[in-house]
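Down below is the structure, laid out as structure tokens.
The values are calculated or read from the model by the stated rules, or taken from the named source; none is laboratory data. Here the structure is a predicted model, which is why all the values come from computation and not from measurement. Backbone-built Cβ (ideal geometry, glycine too); neighbour counts: all protein chains shown. Each accessible area value is taken on the protein alone, full model and side chains, heavy atoms only, with ligands, DNA and RNA left out. Shrake-Rupley method; radii C 1.70, N 1.55, O 1.52, S 1.80 Å.
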Amino acid sequence: MSARDGGGALRRMPAGIWILGFVSLLMDISSEMIHALLPMFMVSVLGAGALAVGLVEGVAESTALIVKIFSGALSDYLGKRKAVAVAGYGLGALSKPLFALAPTLGLVLTARFADRIGKGMRGAPRDALVADLAPPDMRGAAFGLRQALDTVGGFLGPLLAVGLMLLWADNFRAVFWIALFPALASVALLAFGLREPAHKQDARRKNPIRQENLRRLGGDYWRVAVIGAIFAFARFSEAFLVLRAQQTGVAIALVPLVMVAMNVVYSLTAFPFGKLADRLHRPALLALGLILLVVADLFLAFADGWGLVLVGVLFWGAHMGATQGLLSAMVADSAPADLRGTGFGFFNLVQGVVALLASLLAGWLWQRFGAPATFLAGAGFSLLALAALARRAD
């Protein structure tokens, strides 16, 4: 793909896709400003232990998984995806002041609970909106662009948090208050800037998750869901990238920059790979993403210093850029238009549950056999996903 082709695709991209991308960027800046500091805030300011930190994060992520499926189905039932997405982003924004005000761990747990409900509410309707707004021949590019902008927020948030902590002498609460403003801007942009396309609505609304509707999702959709699940097993939590960097001698103060490096590569590659997905055979591009993940895992498994860790992290970011928007485009292609919200909800739920199990397995392997075993297992699951992909193509 030439730069000229990419520029033309960006110019032809519907305005609504850009709006959804910047909505994601602003909310991610807000969320990552808090999440980059929250574990340290809980331990150093509130006196929490590691078990309490794990409990807060576990409850939060489990909540998001459960909500995802219902929000997608609700957006199909109402025929109003934007309203459900605005509610999700709004709840996420309203949770931010609770972090700044929290005198105890209980209010932090409440804030994380509300924040993750908001994330669960907005994800599937937002992705369904991208599919509704993008022309079929530009879906890969549209999902890639939204993901690229989202990921820009993913590395700007931690950088802004680090800068403000240095400026304000480690004042966690002041940084949390500042995080409220990009969140409010995100909600306002979605509420007042996006015009939702009209949806064909039956006279009588039907429950999207009834058995006959789930059957309508079809074999192609469920095959994509299975491949996505195997992907999720291969790609465990990025927290293990941070641990690997620390283990190989990266200074503690610089360890967060590992995630910044990954997200920079992710954001730079998401749109070009999305554009390629509209031109090339999608399973072939997905296979390329899996190969990138295998390479990343091998570098991380055998790293004996920060240089090889950085190479592995960069390949990991390229893998994310190659696959995340592409998987979303494949879901959009395989789900009926009136069930896209439900389709994304089920897909996100399956991926989230499997990713949680994968992270538990990765942690057990790390503790029992060492870091190399964790990343070698990830490479093995990537090869399994490649075999499943080859079988789908036959």
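Go through the residues of the range 130-143 one by one and say whether even a single one is over 12 Å from the mean Cα position of the chain (by Cα) and not in a helix (DSSP H, G or I).
Yes, because at least one residue in the range 130-143 is over 12 Å from the mean Cα position of the chain (by Cα) and not in a helix (DSSP H, G or I).
Going through the range 141-159 one residue at a time, which ones are buried (at least 20 other Cβ atoms within 10 Å of the Cβ) and hydrophobic (A, V, I, L, M, F, W, C)? Give the steps one after another, and end with the answer.
Filtering the range 141-159 down to residues buried (at least 20 other Cβ atoms within 10 Å of the Cβ) leaves 141-158.
Across the range 141-159, the qualifying residues are Ala141, Ala142, Phe143, Leu145, Ala148, Leu149, Val152, Phe155, Leu156.
Pairs only if they're at least six apart or on different chains, beta carbon under 6 angstrom, first in the range 90-106 and farther than 18 Å from Ala174 by Cα, second at pLDDT 95 or above and open to solvent by 10 Å² or more (accessible area, probe 1.4 Å); list them, first residue then second.
Qualifying pairs under 6 Å: Gly90/Val187.
Considering only the range 307-325, state which residues are over 13 Å from the mean Cα position of the chain (by Cα), surrounded by 24 or more Cβ atoms within 10 Å (Cβ to Cβ) and under 20 Å from Leu280 (Cβ atoms).
His319, Ala322
In the range 160-171, what residues are open to solvent by 40 Å² or more (accessible area, probe 1.4 Å) and at negative phi? Break it down stepwise before answering.
Taking the range 160-171 first, the residues open to solvent by 40 Å² or more (accessible area, probe 1.4 Å) are 160, 162, 166-171.
Matches in the range 160-171: Leu160, Val162, Leu166, Leu167, Trp168, Asn171.
Could you look through the range 222-245, keep only residues that are among the charged types (D, E, K, R) and assigned to a helix (DSSP H, G or I), and pick out the one that is surrounded by the most Cβ atoms within 10 Å (Cβ to Cβ)? Break it down into steps so the answer makes sense when it comes.
We begin by selecting, within the range 222-245, every residue among the charged types (D, E, K, R); these are 223, 235, 238, 244.
Applying the additional criterion that residues be assigned to a helix (DSSP H, G or I) yields 223, 244.
Details: Arg223: 16, Arg244: 26.
Result: Arg244.
Counting just the residues of the range 276-306 that are open to solvent by 10 Å² or more (accessible area, probe 1.4 Å) and among the charged types (D, E, K, R), which one comes out modelled with the highest pLDDT?
Only one residue tops the list, namely Asp304.
In this structure, does Val187 turn out to be in contact (Cβ under 8 Å) with a residue 60 or more places away in the chain and farther than 29 Å from Leu74 by Cα? So that I can check it myself, show each step before the final result.
On the way: in contact (Cβ under 8 Å) with a residue 60 or more places away in the chain: yes; farther than 29 Å from Leu74 by Cα: no.
The answer is no for Val187.
Across the range 93-131, what is the total count of residues that are more than 25 Å from Ala335 (Cβ to Cβ) and either touching a helix residue (DSSP H, G or I) at 6+ places or on another chain (Cβ under 9 Å) or open to solvent by less than 10 Å² (accessible area, probe 1.4 Å) (or both)? Walk me through it before giving the result.
As a first pass, look at the range 93-131 and keep what is more than 25 Å from Ala335 (Cβ to Cβ): 93-115.
Narrowing further to those that are either touching a helix residue (DSSP H, G or I) at 6+ places or on another chain (Cβ under 9 Å) or open to solvent by less than 10 Å² (accessible area, probe 1.4 Å) (or both): 93-102, 105, 107-115.
Residues that pass the stated criteria total 20.
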